[in-house]
Amino acid sequence: MAYAILRTAKLKSAGNIGGSLAHNYRTRETPNADEKRAHLNSHSMGTAEEVKQAIEARLPEKRRSDAVLCVEYFIGASPEYFDQSGDKDGSRYFETAKKWLEDRHGKENVIATSVHMDETSPHLVAYVVPLDENGKLNAKKFLGGRATLSAMQSDFAE
């Protein structure tokens, strides 16, 4: 039986965002990635710098010093999914996952996505600015506590 995988990380500084982007765009050494398969990766934006600028442009001017600036989503599936579903490259799965993020958080808040095919299991990484309907950064509303995260993972799996 195949399993859906959904993880989140709170990025609270430009340095956190830059480090994550350096990994995703392979501008720093990534030991768990196969360089020979890096050409199979795809990104919704051309460079890490473009993503960083788009995130910064979406952020409100006034915010708390400890605010979560961006939520990084990791979306994958167990190997059985890719082997048995007929969606070997995961394109259908990742497109559905992106739509789920946009429906849940607003298309304008889903800044960029990357699909990595150069690691053991294909996966999608998405950068989402946690702006609520009042234009304030509100990661708590997006992610909540343990119960909210658990419910979100169940909803995603469905």
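The values are calculated or read from the model by the stated rules, or taken from the named source; none is laboratory data. The structure displayed is predicted, hence computed values, not measured ones. Using ideal geometry, Cβ is built from the backbone for each residue, glycine included, and neighbour counts are taken over all protein chains shown. These accessible areas exclude ligands, DNA and RNA; they are computed on the full protein's heavy atoms, side chains included. Shrake-Rupley method; radii C 1.70, N 1.55, O 1.52, S 1.80 Å.
As a calculated quantity, the FRET efficiency between GLU56 and MET1 at R0 = 35 Å, using C-beta atoms, amounts to about 0.25. For SER91 and ARG64, the FRET efficiency from 1/(1 + (r/R0)^6), where r spans their Cβ atoms and R0 equals 25 Å, is about 0.05.
When you filter the GluC sites (Glu not before Pro) in region 14-72 for DSSP loop state and at most 13 other Cβ atoms inside 10 Å of their Cβ, you are left with GLU29, GLU61. Quick check: convex hull over the Cα atoms of region 1-49, volume per residue in Å³, rounded to an integer? Per residue, the Cα convex hull of region 1-49 comes to 130 Å³. To the nearest 0.05, what FRET efficiency results for ALA151 and LYS12 with a Förster distance of 30 Å applied to their C-beta separation? So, using R0 = 30 Å, E works out to roughly 0.80.
The gain in end-to-end length when the LYS136 to ARG28 segment is fully stretched comes to 35.6 nm, 0.36 nm per residue minus the alpha carbon separation. Projecting the Cα atoms of TYR93, THR27, SER78 onto the dipole axis of region 23-103, where Lys and Arg carry +1 and Asp and Glu carry -1 at the beta carbon, places THR27 farthest toward the positive end.
In sequence order, region 149-155 has phi-based couplings of 5, 4, 5, 5, 5, 5, 4 Hz under the Karplus curve 6.51 cos²θ - 1.76 cosθ + 1.60, θ = phi - 60°, and Gly or Pro positions carry x.
Only protein heavy atoms count here; on that basis, with a 1.4 Å probe, THR27 has an accessible area of about 100 Å². Enclosing the Cα atoms of the chain in their convex hull gives a volume equal to 116 cubic angstrom per residue. For region 55-158, trypsin sites (Lys or Arg not before Pro) meeting the loop criterion (DSSP other than H, G, I, E, B) and having at most 12 other Cβ atoms within 10 Å: LYS62, ARG63, ARG64, LYS88.
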